Amino acid sequence: MVTDFDGFDHASHMRAALDLAREAAARGDEPFGSVLVRDDAVVMRESNRINTEDDIRRHPELHLAYRACREYDPTERAEMVMYTSTEPCPMCAGGMRTAGFGRVVYSVSGAEVTEFTGGEPTVRSVEILDGVTAVVGPVLNDAGRAVHHEFDW
């Protein structure tokens with residue numbers, strides 16, 4: 001069975017990810033949030049917790065990939081879409097490659113985050129996920145950029 005990811009409610013799921021990014025920022029973490037969707041319904045959600053959990057691995061995308069690998073088999077994970085407020089970093093994309101999600105949808109690109117943070121450009125997630133997971137974005141880019149504008153980088 002081929003999942004029709006194009007029929008998913010992209011705007012609604014992305015708004016949920018952006019809400020989680022705002023929650024992370026309000027809590028003292030960096031503004032990143034993600035939801036994992038199967039059959040157009042959210043099955044898991046996470047927000048960034050690297051500061052509040054004192055754990056550099058607590059990026060939402062990586063933690064969702066970890067949880068999904070524990071709770072779902074490869075066929076089920078291939079039917080999932082991760083909606084994430086920002087394009088996954090190389091560490092998260094590596095975890096998502098192992099998880100084998102069907103699609104990743106982001107709001108703000110890694111290059112745009114570099115503009116906000118003043119950091120160095122990294123390897124794009126599309127390169128890491130090539131041949132395993134389709135990467136789509138930006139979706140609701142203005143709303144995603146607003147989250148980063150509101151954060152004190």
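Has the range 41-53 got at least one residue that is in a helix (DSSP H, G or I) and crowded, with 20+ Cβ neighbours inside 10 Å? Give the steps one after another, and end with the answer.
Residues of the range 41-53 in a helix (DSSP H, G or I): none.
Within the range 41-53 (the criterion being in a helix (DSSP H, G or I) and crowded, with 20+ Cβ neighbours inside 10 Å), the answer is no, since none of the residues qualifies.
A single member of E120, E87, E127 is buried (at least 23 other Cβ atoms within 10 Å of the Cβ), at negative phi and of a type in the set (D, E, K, R), and it is E87. Contact map, the range 9-36: residues that are within 13 Å of E150 (Cα to Cα) paired with residues that are of a type in the set (F, W, Y), Cβ distance under 8 Å, separation 6+ or inter-chain. Pairs shown: A21/F32; A24/F32; A25/F151; E30/F151; P31/F151.
Filtering the range 104-112 for residues that are in contact with a helix residue (DSSP H, G or I) (Cβ under 8 Å, 6 or more places away or on another chain) and open to solvent by 40 Å² or more (accessible area, probe 1.4 Å) leaves an empty set.
For the range 6-22: of the residues being assigned to a helix (DSSP H, G or I) and acidic (D, E), which is farthest from V104 (Cα to Cα)? Can you show your working first?
Step one: filter the range 6-22 for residues assigned to a helix (DSSP H, G or I), giving 6-7, 10-22.
Those left that are additionally acidic (D, E): 6, 19.
Values: D6: 12, D19: 18 Å.
Among those that are assigned to a helix (DSSP H, G or I) and acidic (D, E), it is D19.
From the list T86, T133, T52, the one residue that fits, being at pLDDT 95 or above, in contact with a strand residue (DSSP E or B) (Cβ under 9 Å, 6 or more places away or on another chain) and farther than 21 Å from D39 by Cα, is T86. Filtering the range 64-82 to residues that are open to solvent by less than 40 Å² (accessible area, probe 1.4 Å) and either in contact with a Ser or Thr (Cβ under 8 Å, 6 or more places away or on another chain) or closer than 16 Å to E46 by Cα (or both) leaves L64, A65, A68, E79, M80, V81, M82.
When we screen H59, H63 for residues that are touching a Lys or Arg at 6+ places or on another chain (Cβ under 8 Å) and under 15 Å from A21 (Cβ atoms), the only hit is H63. Within the range 25-40, the set of residues being open to solvent by 10 Å² or more (accessible area, probe 1.4 Å), among the small types (G, A, S) and not in a loop (DSSP other than H, G, I, E, B) comprises A25, A26.
The values are calculated or read from the model by the stated rules, or taken from the named source; none is laboratory data. The structure presented is a predicted model; accordingly, all values stated were derived computationally and were not measured. In this analysis, Cβ positions are derived from the backbone assuming ideal geometry, glycine residues included, and neighbour counts consider all displayed protein chains. Side chains included, ligands, DNA and RNA excluded: accessible areas come from the protein's heavy atoms. Shrake-Rupley method; radii C 1.70, N 1.55, O 1.52, S 1.80 Å.
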